[in-house]
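Below is one structure, written out as structure tokens; the observations come after it.
The values are calculated or read from the model by the stated rules, or taken from the named source; none is laboratory data. Only a predicted model underlies this, so the values are computations on that prediction, with no experimental measurement involved. In this analysis, Cβ positions are derived from the backbone assuming ideal geometry, glycine residues included, and neighbour counts consider all displayed protein chains. Note: areas computed on protein heavy atoms with side chains; ligands, DNA, RNA excluded. Shrake-Rupley method; radii C 1.70, N 1.55, O 1.52, S 1.80 Å.
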Amino acid sequence: APHPLSFSYRAPCTCLGEGLCKTGRRGDAGATGGKAEREGEVAVETHIEVGETAEYTRTISEADILSFAKISGDHAPIHVDEAYARTTAYGRRIAHGALMMGLLSATSTVISERSTKRGATHVPVSLGYDKIRIIHPVFIDDTVTARYTVEAVDREAGRTRSKVEIVNQDGKLCLVGTHVLKWVAPR
């Protein structure tokens, strides 16, 4: 049997739940509201509804950036060299985009734990992020809020699709994208 997290990539479906995907495939298994890929597949109860939200707020410190540089191996001077960063259009060091995405993990964990506490028997795991855009830099001492909003629940595929975003203390949108959770059957 294939590993429960294995999947093959297909271009995203633009189906809005009509049963036939606009790309001509019967039921894309993506988180877009399409029907299940296999006939007779049992729906997965995620115990999550469209519109649910989660937030995580953190003030980004120099230590956060340096620790992330060490863990990730990304020592680009725009992140770790103040003298260099002063010569750039930003005028100071900026946080790694991947560090900001890591904050989104806290919000998806809130949704996952909520699902489990409500009785989900399948295990929610991240399938990944799509269409991530870093719109505005995050600087040392900025306080950012990661926001997670469930936009679609596909019980046949056992997936949710959510809007993710990060805003700074001034309400400025810094990062935006989409996250997909999948509920994996227990052994």
Over 22 Å (Cα to Cα) - which of 70/182; 70/163; 131/182; 131/172 fall in this group: 70/182; 70/163
Spin-label point model (7 Å from Cα, Cβ direction): what's the residue 50 to residue 83 distance in nm? 5.6 nm
Write down the accessible area per residue of region 80-183 in Å², having rolled a 1.4 Å probe over the full set of protein chains. 46 Å²
Which percent of the accessible heavy-atom area of region 43-179 goes to carbon and sulfur, probe 1.4 angstrom? 51 percent
Using 7 Å Cα-to-Cβ label points, what is the residue 129/residue 113 separation (nm, one decimal)? 2.0 nm
